[in-house]
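K.L.:
For reference, the structure I am asking about is given below.
The values are calculated or read from the model by the stated rules, or taken from the named source; none is laboratory data. Note that the structure is a prediction, hence the values are computed from the model and not measured. Please note: Cβ atoms are built from the backbone with ideal geometry, for glycine as well, and neighbour counts cover all protein chains shown.
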Amino acid sequence: MVLKAFFPTCCASADSGLLVGRWVPEQGFAVVLAVVHFPFIPLQVRELLARVQRASQVGLAVLGTWCHRRREPEESLGRFLEGLGALFTHKPWLQLSREPDSRRWNCKVSSPGAPCGEDQVMLIFYDQRQVLLAQLHPPATLPDRRAGDATATAAEGGLAAVFHTVARSEALFQSDRFDEGPVRLTHWQSEGVEASILVELAKWASGPVCLLLSSLLSLLSWLSTWRLCRLCPLAFLCSKLCTCQQLRLRLQHLQLVFSTQKAEDPAQLMRKANTLVSVLLDVALGLALLSWLHREDRIGQLADALVPVADRVAEELQQLLEWLMGAPAGLKMNRALDQVLGRFFLYHIHLWISYIHLMSPFVERILWHVGLSACLGLTVALSLLSDILALLTFHIYCFYVYGARLYCLKVCGLSSLWRLFRGKKWNVLRQRVDSCSYDLDQLFIGTLLFTILLFLLPTTALYYLVFTLLRLLVVAVQGLIHLLVDLVNSLPLYSLGLRLCRPYRLAAGVKFRVLERESDGPLRLLMQINPLPYSHVVHNFRLPSCGCHPRQSWSSLCRKLFFGELIYPWRQRGDKQD
Amino acid sequence: MEDEQSFSDISGGRLSLQRRYYTQSCREFCLNCPRLSLRSLTAVTCTVWLVAYGLFALCENSMILSSAIFITLIGLLGYLHFVKIDQETLLIIDSLGIQMTSSYASGKESTTFIEMGKVKDIVINEAIYMQKVIYYLCILLKDPLEPQEISQVVPVFQTYSVGDLAS
């Protein structure tokens, strides 16, 4: 097998020394992590490697020598380096060297029993900082997780082993060239350890802040559970209103963000970060909406426009009912039933208009307070809007329910009497249709009722159709608002920003580029991180939303519409079916 | 060392295949696809603008003309960035893996690297397309849970198949 030597690009201009890293025999990978410079004491080098190995559970060793001839070729250096091979025994022993004019690389491998030739080695350059910080998606799973077992980590396949090695060896990269340690190393941080004052301050301040906020939030959630359990109708109302769902979801999000536990794995950390950014964006958009509403007295204008709009809608409904009570679209209705249903619905609308007129002095106050709620977030304001819409179109919902129940009753009656007409009946025990012999008077009454219901069907069906269409229109508008709320809730903005600004952090894989090759030098490749595509980022890091999606498919929806069963588009998870 | 051969595909465009030999363990195959032809671009633009002029003559609204220009530009940019592939490259590195790169006309490059440990086999597969049978090269990937099963079939050159190369 060809030996693949992974060499960090930061060490390409380092002075001569020893190569230190990890050897993966199954794939023939020699991952070089750092270069140890002269002068050094071999015992101290071994101690350093043992210490790092204990801290990182990754087996490190001296892999070979690195020779960077800056001036005239030094023969003594060459012989000295070869002598080191006897001191640090490692099979295979790698000897890398580089000419002063920076194009010529030499690579020799001596392993017992194999001939040492040039095309037995491949040199792969990698950017140590990027490989350290990158997270592979999908993450390579260890087949056998045993804590503290160095051999288990070697079971990872392929290039994930390289990533794992570099990521776990952080202890090796802690010393820079300004340290007065016994061993001098060159690696990606040897010019100075990377740190940021703001990050350190934030870490120091986050402890007490998180503690305070998490205790406040737990108090809030305890309060809400206590109150709601006591007052039954309030609990029912809260489960129906979108706003309460949204507030509960936001409370959960805030509890996640400000929890005092550290994130166990990178996925949890991403989720926390995404949630925090989503909450911040929500609040920012909400404040923008608030400022827009309060400018130029828009709330007053909205309140003035609301009652006439509700009146207009009620008038249109009245006209629609008058039309249905006449001869709608040229169809001939059953006069008596038509009048009964029409008058019933007209009275309902009259009640509704009186109610709206009763509420009209308070509308502006209510709207002002609703507008204030936008400072909790744009999603809360939108959920409130959806709830207000539901309340204002409550009469349409009532009409739909009446029409659907009547129609459903009619269809049930018709199907059962149709079975009687044919001499069959529904066997509840066996859950199937069985034949049955009826008495004459049963047959007579049954056929009579069947005829009555059949001829009254068009009238009921028409009312049902009209009110279902209206209800579906309202549901569609509410659905659009919910979609927008869902978008703000679940879009992983932090991950998208990370993908845009630091694409190497989210890695889908690697890519190789062949570098210029000298006539008899080794093959040199540059390994770069292949970032995750945006669609995968959104799919992997999507935040869970409150699940207010229509659960049924189109065919079951059509079936329900045909048989007159009530449609509940925004069933929450865990609700009992009616 | 390099080697170049040219072929022509079914629709008459010129294809050229370059084979590069880096070392015994690393080879590269480059397929250059025909460029965007000026004729088809002019035809599409003229059609879109004629339709826009027709609508403008009906509606007398100048927004239609500006939106037609906008649509043409956005459509062309989208086509160059997401659809039109200029070159496809296959890089095979011994015992490391296989890398497939597609370069688009706008300069975007999309790369996939498959590790050698995941490759089960490379086969030539047949497919029935309209009224003919075409052959295409594809890589069979191993299922991580069941080493004997195949989890995925990855075609190598996305835009052109071996059967198209009628030399």
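K.L.:
Could you grab me the full set of residues in region B:55-96 that are within 14 Å of chain A (Cβ to nearest Cβ) and over 30 Å from A:Pro522 (Cβ atoms)? Full working, then the answer.
P.N.:
Going residue by residue through region B:55-96, those that are within 14 Å of chain A (Cβ to nearest Cβ) are B:81-82, B:89-96.
Result: B:His81, B:Phe82.
K.L.:
A further question on this structure: Residues in region B:1-10: is at least one loosely packed, with under 11 Cβ neighbours inside 10 Å, under 24 Å from the mean Cα position of the chain (by Cα) and within 14 Å of chain A (Cβ to nearest Cβ)?
P.N.:
yes
K.L.:
A follow-up question, please. Anything in region B:20-64 that is polar (S, T, N, Q), without any contact (Cβ under 8 Å) to a residue 40 or more places away in the chain and under 30 Å from A:Leu3 (Cα atoms)? List them, or say none.
P.N.:
B:Thr23, the sole residue that qualifies.
K.L.:
Go through (1) surrounded by 16 or more Cβ atoms within 10 Å (Cβ to Cβ); (2) of a type outside the set (Asp, Glu); (3) touching a helix residue (DSSP H, G or I) at 6+ places or on another chain (Cβ under 7 Å) one by one and return the number of the condition A:Thr447 breaks.
P.N.:
Only one criterion is unmet by A:Thr447, namely (1).
K.L.:
Just the residues that are at the interface with chain B (Cβ under 9 Å from one of its Cβ atoms), in contact (Cβ under 8 Å) with a residue 24 or more places away in the chain and aliphatic (A, V, I, L, M), please, taken from region A:509-530.
P.N.:
Across region A:509-530, the qualifying residues are A:Val510, A:Leu523, A:Leu525.
K.L.:
Search region B:100-135 for residues being more than 26 Å from B:Lys84 (Cβ to Cβ) and outside any strand (DSSP E or B), and hand back the single one that is farthest from the other protein chains (Cβ to nearest Cβ).
P.N.:
B:Gln131
K.L.:
Kindly indicate whether A:Val2 is among the aliphatic types (A, V, I, L, M) and touching a His at 6+ places or on another chain (Cβ under 8 Å).
P.N.:
No: the conditions fail for A:Val2.
K.L.:
Give the residues of region B:109-143 that are basic (Lys, Arg) and loosely packed, with under 13 Cβ neighbours inside 10 Å, sorted by residue number.
P.N.:
Of region B:109-143, the ones basic (Lys, Arg) are B:118, B:120, B:132, B:142.
The one that is basic (Lys, Arg) and loosely packed, with under 13 Cβ neighbours inside 10 Å: B:Lys132.
K.L.:
Quick check on region B:52-73: of everything there that is surrounded by 11 or more Cβ atoms within 10 Å (Cβ to Cβ) and in contact with a Phe, Trp or Tyr (Cβ under 9 Å, 6 or more places away or on another chain), which residue is nearest to B:Ser106 (Cα to Cα)?
P.N.:
Per the criteria, the residue is B:Thr72.
K.L.:
Report the residue count in region A:1-54 for those that are within 39 Å of the chain's Cα centre (by Cα) and either acidic (Asp, Glu) or within 14 Å of another protein chain (Cβ to nearest Cβ) (or both).
P.N.:
Total meeting the criteria: 11.
K.L.:
Under 25 Å from A:Val538 (Cβ atoms) and in contact with a Ser or Thr (Cβ under 9 Å, 6 or more places away or on another chain): which single residue out of A:Val279, A:Val257 fits that description?
P.N.:
Selected residue: A:Val257, the only one of A:Val279, A:Val257 that is under 25 Å from A:Val538 (Cβ atoms) and in contact with a Ser or Thr (Cβ under 9 Å, 6 or more places away or on another chain).
K.L.:
Follow-up. I'd like to check something: does region A:279-294 contain any residue that is among the charged types (D, E, K, R), outside any loop (DSSP other than H, G, I, E, B) and surrounded by fewer than 18 Cβ atoms within 10 Å (Cβ to Cβ)?
P.N.:
no
For every residue, the table says whether it meets (1) touching a Phe, Trp or Tyr at 6+ places or on another chain (Cβ under 9 Å); (2) over 16 Å from A:Tyr407 (Cα atoms).
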residue: A:Leu440; (1), (2): no, yes
residue: A:Leu443; (1), (2): yes, yes
residue: A:Leu448; (1), (2): no, yes
residue: A:Ile452; (1), (2): no, no
residue: A:Leu462; (1), (2): no, no
residue: A:Thr468; (1), (2): yes, no
residue: A:Leu473; (1), (2): no, yes
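Every residue, every condition in (1) surrounded by 15 or more Cβ atoms within 10 Å (Cβ to Cβ); (2) at pLDDT 75 or above; (3) in a loop (DSSP other than H, G, I, E, B); (4) over 34 Å from the mean Cα position of the chain (by Cα), yes or no:
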residue	(1), (2), (3), (4)
A:Pro143	no, no, yes, no
A:Ala147	no, no, yes, no
A:Ala155	no, no, yes, no
A:Phe163	yes, yes, no, no
A:Ala167	yes, yes, no, no
A:Glu170	no, yes, no, no
A:Ser190	yes, yes, yes, yes
A:Glu194	no, yes, yes, no
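K.L.:
Do the conditions hold for A:Ser239, that is, is it free of Cβ contacts under 8 Å to residues at least 60 places away in the same chain and either in a helix (DSSP H, G or I) or more than 30 Å from A:Phe394 (Cα to Cα) (or both)?
P.N.:
So A:Ser239 fails the test.
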